[in-house]
Structure formats: structure tokens, C-alpha cells
Amino acid sequence: MIWNFCIRRPVLTTVIFLAVFIFGIFGYTQMPVREFPDVEFPIVNVSVVLPGADPEVIETEVVEPLEEELNTIEGIKEISSTSREEVGVVTVEFDLYRDVDIAAQDVRDRVSRARAEMAEDIEEPIIRKVDPDAQAVMWVALTADKRWDTIRMTEYADNVLKDQLERLPGIGQVMIGGEHKYAVRIQLDPSRLAAYHLTVQDVIRTIQQENVDIPAGRVESRKREFLVKTRGQFSSAQPFNRLIIAERDGAPVRLQDVGQAVDGRENDRNVARFTKEPSVGLGIVKQSDANMVELVQRVKKRLHTLSRDFPPGLSYAIASDDSVYVQENIQDLIITIFLATALVTLVVMIFLGSARGTLITSIAIPTSLLAGMAIAYYLSFSLNVISLLAFILVIGIVVDDAIVVLESCYRHMEHGAEAKPAARTGTTEIAFAAIANSLSLGAVFIPVAFMPGMIGRFFFEFGLIVAFTVFASTFTALTLTPMLCSRFLAVPDHTRKPLLLKVTEPVFNLLEWLYKPVLTAALRWRWITVGIGAVAFAAGIFVFGQLESEFTPSVDKSKFMVSFEAVEGATVAFTDKYARKIEDIMVDIPEIRSFFLAIGLSQSGPGKANEGISFVRLTHHNKRIRTQQEVMQELRSKINQLTGVRGYVMESGGPVGADVDRRPDEHRVERR
């Protein structure tokens with residue numbers, strides 16, 4: 001048997017488990033850190049932009065042709081669509097058995113077929129999977145004094161900071177939120193156009209023909225040649241005013257005769273501010289296998305280095321950092337693991353009354369946990385709330401087999417056997433019982449990993465980690481524990497009891513004296529005992545049915561979101577007036593540390609000028625008296641007092657990320 005081999009080869013056994021320690025520590029340090037397990041959601045979004053179209057046109061010219069083609073894909077669970085001004089979004093949810101990458105490719109093929117049936121002026125459709133890792137784990141807000149405008153901040157963020165940050169390992173993408181790119185805006189006078197018998201299309205055609213760089217061939221000599229390029233693109237507004245649109249009565253009609261070209265922004269329909277100051281945001285999106293905590297630390301260090309070379313007047317601040325909550329959560333769980341290990345060791349010591357026996361038994365805990373860490377790493381798992389919960393759960397389980405083996409060996413030594421024969425005989429007696437116990441636990445937790453539905457995907461890591469760690473503990477109990485018992489376990493002299501045993505033995509005798517009459521009564525009135533158990537079982541089922549259910553509990557993350565919308569058709573200026581009122585309310589709440597507010601932002605197509613969102617950060621929960629829910633309730637009640645705007649205060653984050661709750665109204669067409 002394997003335990004006999006380990007007793008005969010203690011050095012080899014020690015080296016094997018030292019290797020387990022090394023692989024476990026390596027796996028622990030290399031596993032990515034995240035809040036929840038890496039779960040792929042079988043959901044694909046298709047976003048199509050048709051400039052200038054109203055929701056009804058989007059519905060008939062974009063959404064309906066898309067839905068007709070997408071309905072032919074295999075394994076669709078549900079198709080839902082939203083049609084709003086200029087944008088149509090179709091969301092396809094597949095059955096869980098479908099591979100999301102293959103499903104996304106099927107969607108791309110169907111969208112290509114449907115383009116012939118859609119309006120000709122649509123922009124290129126955007127097809128993306130719903131991916132929690134596509135959410136920004138950190139937002140950096142650029143702010144500046146009056147020497148800077150948002151156009152210059154956008155250029156600096158795009159040309160300098162974005163390139164520097166995207167070079168860091170682990171970064172998947174750097175998004176720019178609230179950007180204002182430079183553009184020349186053409187303002188036309190309808191009366192002047194009519195006077196010259198011109199249309200807007202005439203102006204557009206002239207600009208498209210004249211404002212372009214074109215290749216002009218090359219100039220060759222005997223030894224060298226030079227490429228020639230006609231520089232026709234204008235870099236400012238003034239040259240546009242001199243463009244000749246047409247000729248009337250032998251005289252040129254220039255753009256300045258029917259309007260004017262002015263320097264401006266490409267998009268005037270969005271606003272971004274950080275704590276009431278104009279701002280441009282940088283969103284850091286990590287790669288799926290990157291360590292969130294280490295990535296954010298690298299970004300902070302790089303930003304600190306880059307800030308030394310910032311132009312005068314420019315500064316940055318951390319507007320949102322998801323790694324803070326994740327890091328604190330993971331640290332708390334790791335501390336819980338150490339505390340649970342210490343408490344289990346203390347309980348074992350109290351009951352065994354032997355320091356050597358306690359040490360031999362307690363070695364099984366870190367050995368099994370590190371073996372589980374190594375297995376989790378090679379299965380590409382991550383350190384998250386669910387996986388660490390599994391490790392906390394198994395702490396009290398992994399020590400069981402070691403205790404049983406040690407007790408069996410100890411009993412034979414009490415009867416006069418030597419250490420090595422006692423270890424062999426004692427382990428042989430309980431080996432198959434220990435194996436059966438581990439298999440029964442595996443039969444409970446392995447099916448958890450393969451539960452159907454989204455819950456099963458979240459608990460896949462949990463079930464396998466518990467099962468494999470329990471199997472590792474049984475292997476440890478049948479190999480390392482017998483070897484240690486044969487070398488270090490000793491039976492104390494009956495005339496000299498250990499001090500701890502002298503203290504605990506009277507307590508155990510008292511417990512035995514109290515338990516004896518209870519057990520006697522239970523055996524005497526068996527049906528009453530069974531009835532009490534049945535009542536307790538029924539009461540448990542009843543109480544369980546009354547409990548409220550939710551996917552994740554409400555926790556104090558020191559951050560939340562505020563979504564608000566003005567009346568349909570409101571301009572950016574009108575919405576911004578109410579946004580400033582909301583900002584004033586948030587400034588007056590002492591627990592709010594900072595906030596990033598934006599109007600007209602959207603993940604798919606142009607944003608709506610009457611909708612806005614704010615990401616709010618609170619001071620750390622250790623530095624405030626009120627909870628996050630209390631702060632949210634106060635802010636919710638104050639926003640509800642505003643007339644002309646609807647506000648929604650909601651928690652941010654979760655397994656899928658933070659998506660704004662876009663509420664339908666009479667000007668948006670929604671189908672399911």
C-alpha cells in the first residue's frame with residue numbers, strides 16, 4: 001500500500017510534499033485576481049447607426065431586417081431589440097450549450113446577409129459579445145485650468161496618455177470617455193442659399209471634392225525619384241470659407257457668401273465633468289487573464305511618472321477604481337482562511353491534548369490548500385470571491401481524514417505497538433473508510449460544478465476546488481500523516497498527563513455527564529425524537545421558502561451610479577441645467593468623495609442628449625458612519641424632489657458589470 005511505501009521512504013515523501021508546497025505557492029502568486037469567476041455569457045449585441053433617423057424608421061429599415069435573418073440561427077433562446085433615435089440595437093441570447101465565439105460568428109454572417117435589406121446610409125454594424133471583462137476596471141479623469149479646453153485635453157489623452165498606457169502588460173484597451181475631437185463646423189444661411197439657388201447638398205459635394213489629399217504621381221530624375229502629393233485637406237476653418245461652391249452671373253459663390261466655417265467640436269451632444277470641473281475620462285479595460293490589482297497598480301505608477309511631464313495646468317485624478325474593493329475583499333477572505341486554520345488547530349489541540357499530534361494533524365491543512373491552489377492554477381481558475389469561499393469551506397473538512405488516521409495510530413501505540421507498526425496497521429484499518437468519505441464528498445460537490453444554468457457556471461470553480469482539495473487531503477492523510485506519525489508521534493506516560501489534558505479533561509467529563517441523560521431519553525422515546533427532527537426539518541423548509549432571493553447581496557463597495565433623464569427632445573443645455581443641480585446635491589453630501597458625470601454617452605451609437613449618468617465614489621466605509629445604502633437613499637430622495645428630470649440611484653458592479661438602465665418611453669420602440 002502507498003502508506004507503507006511512504007513510511008519506509010520518509011525523505012522521498014517529504015520531497016514530494018515540498019514540491020506540492022512550491023507548486024501551490026507558485027499557483028497562488030500567478031493566478032489572476034478578480035471579483036467573480038471568468039464566465040462567458042452567450043449574449044451577442046448588434047448595434048446599427050442610421051444618422052438622422054427616428055425610432056420608427058430605425059424599426060422598419062434596420063431592426064426588422066436584422067431580426068428576420070438572426071431568427072434563423074441555431075440555439076437562440078431569446079431575441080430582444082431597441083429602436084431609438086439614430087440607433088437600433090438587437091440583443092441575441094443563446095442557449096448555454098452554444099459556444100459564444102461560434103455564435104458571434106453566426107451573427108456576423110447573418111448581419112452581412114441582412115445589409116442588403118437595410119437602409120443604404122447605415123454605418124458599419126457593430127457586433128460584440130457581452131463580456132464582463134470589457135468593462136473598465138478603472139477610470140482616470142483629466143482636468144485642467146482655463147488654459148485648456150476639452151479639445152486639447154482629448155488630443156493629449158489620445159496622442160500621449162493612451163499610447164503610453166496601452167503598452168503596459170495586461171491592458172486590453174484604453175477608452176476615452178467624454179472626448180471632444182476638433183472639427184470644422186459649417187453654418188449655412190437658408191435664405192442666402194435660396195438666393196443663389198443652391199442646396200445643402202451642393203455645399204457638401206464641394207467640400208468632399210476639395211477637402212482631400214490625393215496622390216499626384218512622382219517626379220523622376222536619372223538617379224532619384226520623388227513622390228508628389230497634393231495637400232488638399234484643410235487644418236482650420238478659414239480655408240473652407242474661400243471654397244467656391246458655384247458660379248452665378250460669371251462671379252464665384254464662395255462658402256462665406258452662404259454661411260461660415262468655424263472651429264468647433266466633432267460632437268456637441270455630450271458633456272463630461274469630474275466633480276463639477278470639465279474633464280476627459282480614460283477607461284482602463286484589462287485583458288481577461290490579467291491580475292486586476294497588479295494592473296491597476298501598474299497604471300497608477302505609470303500615471304505618476306507621466307504626470308511629471310504634464311504641460312502646465314493639466315492634472316489627473318482617479319475617478320473610479322474597482323480594484324480597491326476586490327483587493328480588500330480578497331484580503332479579508334485570505335485573513336479568514338488563516339483565522340479558520342488557527343481556530344481548527346486550536347480545537348484539535350484542545351481535544352487531542354497533544355502538541356505533537358496537533359502539529360501532525362494541522363500540517364494537512366496548508367498541504368491540502370496549496371495542493372488545491374496548484375490544481376486551480378493549472379485549470380486556469382482565478383482568485384475570486386467564489387474560489388476563496390471554497391477554500392474557506394474545506395478547511396474544516398481537510399483535517400478530518402488526518403485526525404482519523406492519527407487517532408487510529410495513537411490507539412495502537414497506547415496498546416503497546418511501536419510507532420512504525422502502529423502507523424501501518426492504523427492507516428490500513430481506516431484507509432478505505434477515508435477514501436469512501438472523500439468520494440462521498442466528491443459526489444456532493446462535483447455535481448455543483450455542472451449545475452445547469454448561469455448559476456452552474458459561476459459555481460463551476462467552487463465545486464471542482466472543493467472536490468479536488470478534499471481528494472488532496474485524503475492523499476495527504478494516507479501518505480504524509482502516517483509517515484509523520486511513525487517518526488514523531490509519542491504516547492505520554494499515564495502517570496504524567498500533559499498540562500493541557502489536565503485542564504480539558506474535567507470539562508469533557510462534565511460534557512459527557514450532561515450528554516448521557518439526554519442520549520438516554522432520546523433512545524427511550526424514539527418516536528418523540530423522530531417527531532422533533534421532522535418538525536425541525538419542516539420548519540427549516542418553511543423558513544427557507546420565506547427568504548428573499550437575489551443574484552448577489554447588497555454590499556458596501558463605496559461606489560454607486562446615478563442615472564437621470566430629462567424630457568424627450570431636451571437639448572444638452574437643458575439636460576445639463578438639471579445635471580448641475582444633481583451635482584450641487586452630491587457636493588452637499590459629506591460622504592461623497594468624488595463623482596464623474598457625463599451626458600449623452602452610449603456604448604452603442606450616438607448618445608441621447610436628454611440622458612446622463614454619474615459614477616459616485618464614497619469615502620472608505622471605515623471613515624464614515626452611514627452605510628452606502630443610507631447615502632443612496634438620501635440622494636434618491638433629494639433627486640426625486642427635482643421637477644423636470646427623473647433620477648435613478650443604483651448600485652454599480654456585479655458579475656456582469658455596470659450597465660446603465662435605459663428606461664423606455666413613448667419615443668423609443670422596444671420589442672421582445
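Considering only residues that are charged (D, E, K, R) and outside any helix (DSSP H, G or I), look in the range 146-195 and name the one that is surrounded by the fewest Cβ atoms within 10 Å (Cβ to Cβ). Outline the logic, then answer.
Keep residues of the range 146-195 that are charged (D, E, K, R), which gives 146-147, 149, 152, 155, 158, 162-163, 166-167, 179, 181, 185, 189, 192.
With the extra rule that they be outside any helix (DSSP H, G or I), the set shrinks to 146-147, 149, 167, 179, 181, 185, 189.
Details: LYS146: 6, ARG147: 10, ASP149: 13, ARG167: 9, GLU179: 21, LYS181: 13, ARG185: 14, ASP189: 12.
The qualifying residue surrounded by the fewest Cβ atoms within 10 Å (Cβ to Cβ) is LYS146.
Where the second residue is of a type outside the set (Asp, Glu) and part of a helix (DSSP H, G or I) and the first is within 11 Å of LEU406 (Cα to Cα) and lies in the range 344-356, which pairs have Cβ atoms under 7 Å and are six or more apart or on separate chains?
Here the result reads LEU352/THR358; ARG356/PHE488, each pair linking the range 344-356 to a residue that is of a type outside the set (Asp, Glu) and part of a helix (DSSP H, G or I).
With ASP263, ASP249, ASP289 as the choices, which residue is under 30 Å from PRO51 (Cβ atoms) and acidic (Asp, Glu)? Break it down stepwise before answering.
Details: ASP249 fails: under 30 Å from PRO51 (Cβ atoms); ASP289 fails: under 30 Å from PRO51 (Cβ atoms).
Checking each option against the conditions leaves just ASP263.
Let's see how each residue does on (1) within 15 Å of VAL63 (Cα to Cα); (2) open to solvent by less than 20 Å² (accessible area, probe 1.4 Å); (3) assigned to a loop (DSSP other than H, G, I, E, B); (4) of a type in the set (A, V, I, L, M, F, W, C):
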| site | (1), (2), (3), (4) |
| --- | --- |
| GLY88 | yes, yes, no, no |
| TYR97 | no, no, yes, no |
| ALA103 | no, yes, no, yes |
| ARG113 | yes, no, no, no |
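Using beta carbons and a limit of 9 Å, which pairs, at least six apart or on different chains, have the first residue in the range 395-414 and without any contact (Cβ under 8 Å) to a residue 60 or more places away in the chain and within 13 Å of ILE430 (Cα to Cα) and the second one charged (D, E, K, R) and open to solvent by 40 Å² or more (accessible area, probe 1.4 Å)?
SER408/GLU429; HIS412/GLU429
For the range 586-598, state whether one or more residues are in contact (Cβ under 8 Å) with a residue 40 or more places away in the chain and out of contact with any strand residue (DSSP E or B) (no Cβ under 8 Å at 6 or more places or on another chain).
Yes, the range 586-598 contains at least one residue that is in contact (Cβ under 8 Å) with a residue 40 or more places away in the chain and out of contact with any strand residue (DSSP E or B) (no Cβ under 8 Å at 6 or more places or on another chain).
Select from the range 72-86 the residues that are of a type in the set (S, T, N, Q) and under 30 Å from the mean Cα position of the chain (by Cα) and write down the one among them that is surrounded by the fewest Cβ atoms within 10 Å (Cβ to Cβ).
Residues of the range 72-86 that are of a type in the set (S, T, N, Q), as a first pass: 72, 80-83.
Among the residues that remain, those that are also under 30 Å from the mean Cα position of the chain (by Cα) are: 80-83.
Values: SER80: 13, SER81: 22, THR82: 22, SER83: 26.
Checked the range 72-86; the qualifying residue surrounded by the fewest Cβ atoms within 10 Å (Cβ to Cβ) is SER80.
Select from the range 223-280 the residues that are among the small types (Gly, Ala, Ser) and outside any strand (DSSP E or B) and write down the one among them that is nearest to ARG580 (Cα to Cα). Please lay out each step first, then the result.
Here is the first cut: in the range 223-280, the residues among the small types (Gly, Ala, Ser) are 232, 235-237, 246, 250-251, 259, 261, 264, 272, 279.
In the following step, the residues that additionally are outside any strand (DSSP E or B) were identified as 232, 235-237, 250, 279.
Details: GLY232: 43, SER235: 35, SER236: 33, ALA237: 32, GLY250: 54, SER279: 14 Å.
Restricting to residues being among the small types (Gly, Ala, Ser) and outside any strand (DSSP E or B), the top hit is SER279.
If I go through the range 349-361 residue by residue, how many of them are part of a helix (DSSP H, G or I) and surrounded by 20 or more Cβ atoms within 10 Å (Cβ to Cβ)?
The first filter runs over the range 349-361 and keeps only residues part of a helix (DSSP H, G or I), leaving 349-352, 355-361.
Checking which are surrounded by 20 or more Cβ atoms within 10 Å (Cβ to Cβ) leaves us with 352, 357-358, 360-361.
Count: 5.
Is it fair to say ASP121 is over 25 Å from GLY52 (Cα atoms) and loosely packed, with under 13 Cβ neighbours inside 10 Å?
Numbers: over 25 Å from GLY52 (Cα atoms): no; loosely packed, with under 13 Cβ neighbours inside 10 Å: yes.
Spelling it out, it is not the case that ASP121 is over 25 Å from GLY52 (Cα atoms) and loosely packed, with under 13 Cβ neighbours inside 10 Å.
Among the residues of the range 46-69, what is the count of those that are open to solvent by 20 Å² or more (accessible area, probe 1.4 Å) and of a type in the set (S, T, N, Q)?
1
Filter the range 50-76 down to residues that are under 14 Å from ILE122 (Cβ atoms) and in contact with a Ser or Thr (Cβ under 8 Å, 6 or more places away or on another chain), then give me how many there are.
5
Show the residue pairs that are 6+ apart or on different chains and have beta-carbon atoms under 8 Å apart, the first residue being within the range 228-255 and farther than 24 Å from ARG192 by Cα, the second being charged (D, E, K, R) and in a loop (DSSP other than H, G, I, E, B).
If the second residue must be charged (D, E, K, R) and in a loop (DSSP other than H, G, I, E, B), the pairs left are LYS229/ASP213; THR230/ASP213; ARG231/ASP213; GLY232/ASP213; GLN233/ASP213.
Looking at (1) of a type in the set (Ser, Thr, Tyr); (2) assigned to a helix (DSSP H, G or I); (3) surrounded by 17 or more Cβ atoms within 10 Å (Cβ to Cβ), which one does SER563 not meet, given that it meets all the others?
Only one criterion in (1) of a type in the set (Ser, Thr, Tyr); (2) assigned to a helix (DSSP H, G or I); (3) surrounded by 17 or more Cβ atoms within 10 Å (Cβ to Cβ) is unmet by SER563, namely (2).
What number of residues within the range 18-32 satisfy the criterion of being over 21 Å from the mean Cα position of the chain (by Cα) and surrounded by fewer than 13 Cβ atoms within 10 Å (Cβ to Cβ)?
3
I need the helices (runs of 4 or more DSSP H) fully contained in the range 419-532, keeping only those with at least 1 residues that are surrounded by 15 or more Cβ atoms within 10 Å (Cβ to Cβ), in contact (Cβ under 8 Å) with a residue 24 or more places away in the chain and acidic (Asp, Glu).
Numbers: elements: 419-449, 453-458, 460-488, 499-524.
Passing ranges, in order: 460-488.
Among residues belonging to the range 249-264 that are at pLDDT below 85 and open to solvent by less than 80 Å² (accessible area, probe 1.4 Å), point out the one that is farthest from the chain's Cα centre (by Cα). Before you say what the answer is, go through the steps one by one.
As a first pass, look at the range 249-264 and keep what is at pLDDT below 85: 249-250, 264.
When the remaining residues are screened for being open to solvent by less than 80 Å² (accessible area, probe 1.4 Å), the result is 250, 264.
Working: GLY250: 66, GLY264: 37 Å.
Out of the qualifying residues, it is GLY250.
What number of residues within the range 53-80 satisfy the criterion of being among the aliphatic types (A, V, I, L, M) and assigned to a helix (DSSP H, G or I)?
To start, the set of residues in the range 53-80 that are among the aliphatic types (A, V, I, L, M) comprises 53, 57-58, 62-63, 66, 70, 73, 76, 79.
Subset that is assigned to a helix (DSSP H, G or I): 57-58, 62-63, 66, 70.
Total satisfying the criteria: 6.
Of all residues being open to solvent by 50 Å² or more (accessible area, probe 1.4 Å) and either more than 17 Å from VAL616 (Cβ to Cβ) or of a type in the set (S, T, N, Q) (or both) in the range 638-655, which is modelled with the lowest pLDDT? Just the residue, please.
If we filter the range 638-655 for residues that are open to solvent by 50 Å² or more (accessible area, probe 1.4 Å), which is where we start, we get 638, 640-641, 643, 646, 651.
From what's left, either more than 17 Å from VAL616 (Cβ to Cβ) or of a type in the set (S, T, N, Q) (or both): 640-641, 643, 646.
Numbers: ASN640: 89, GLN641: 89, THR643: 85, ARG646: 89.
That would be THR643.
Every residue in the range 300-316 that is open to solvent by less than 40 Å² (accessible area, probe 1.4 Å) and in a strand (DSSP E or B), please.
LEU314
The values are calculated or read from the model by the stated rules, or taken from the named source; none is laboratory data. Quick caveat, the model's predicted, so the values are computed rather than measured. Every residue, glycine among them, receives a Cβ derived from its backbone with ideal geometry; neighbour counts consider all protein chains shown. Each accessible area value is taken on the protein alone, full model and side chains, heavy atoms only, with ligands, DNA and RNA left out. Shrake-Rupley method; radii C 1.70, N 1.55, O 1.52, S 1.80 Å.
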